[in-house]
Amino acid sequence: MRRLQQRIRDLEAELIRLQAQNDALAAQTRDEALSRMQEREPALT
């Protein structure tokens, strides 16, 4: 039973770490997309 509880704690910690990493990557992607949009030349009218 103790091993199972430890495994659950380990998996929860891994989940938190992966969620933080995902949030950081999503923010980076958003920043890069905004940067690319600002660098585009305006459309000819």
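Values quoted throughout were computed directly from the atomic coordinates according to the rules given, and no laboratory measurement underlies them. All figures in this text were calculated on a predicted structure; none of them were measured in a lab. We place every Cβ from the backbone using ideal geometry, glycine too, and count neighbours over all the protein chains shown.
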Helix 2-39 vs. the chain, principal-axis angle (Cα, 0 to 90°, nearest 10) = 0
Percent of C-alpha pairs per 10 Å bin, the chain, short to long = 24, 23, 19, 15, 11, 6, 2, 0
remark   = Distance in nm between Glu32 and Asp10 label points, each 7 Å along Cα→Cβ, equals 3.3
